[in-house]
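Here's the structure we're looking at; comments come further down.
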Amino acid sequence: MAAQFRKVPLTVSIATMLLLLLAPLNAATTITCEQVTIWLTPCISYGVLGGAVQPACCEGIRALNAASKTTEDRRTQCNCVKEGAARIPGLDYDRVNMLPDICRSKCPYKLTHDLDCSKYALNSYPS
């Protein structure tokens, strides 16, 4: 089992640790950056390296969307994803933005370096 851990690319390990350092946002929200990190960590290897999308990544995306029950939740989710992504070396934003289609899920925003999360409401999805 120890050999499996050595196969994990260093960038993925570092990115996971960086995501765990996200500062908590508004306490009034029900979603936390820690939850977002847990749900989306399985997506990091695809975002950095490409290849196959792990089923746990799609499950995490669906869990995150299901947990977004308010506009504030959606904005917290957006900010956590944006801040976490900025800390991942080598993250391919175009690849990350393909995940909702690959996972047959919706996302109300395209992840960019300058994404304004204040614009997104609970039911705002691109047409």
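Computed quantities for the displayed model
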item	result
Solvent-accessible surface (1.4 angstrom probe) belonging to K69, in square angstrom, nearest 10	140 Å²
Evaluated at q = 0.25 Å⁻¹: base-10 log I(q)/I(0), Debye formula over Cα of segment 76-121	-1.00
Net charge, I61 excluded, C-beta distance under 15 Å - Lys, Arg +1, Asp, Glu -1	+3
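The values are calculated or read from the model by the stated rules, or taken from the named source; none is laboratory data. Keep in mind the model is a prediction, meaning the values are calculated, not measured. No Cβ is skipped: glycine too gets one built from the backbone with ideal geometry, and neighbour counts run over all protein chains shown. Accessible surface areas use protein heavy atoms only, side chains included; no ligands, DNA or RNA. Shrake-Rupley method; radii C 1.70, N 1.55, O 1.52, S 1.80 Å.
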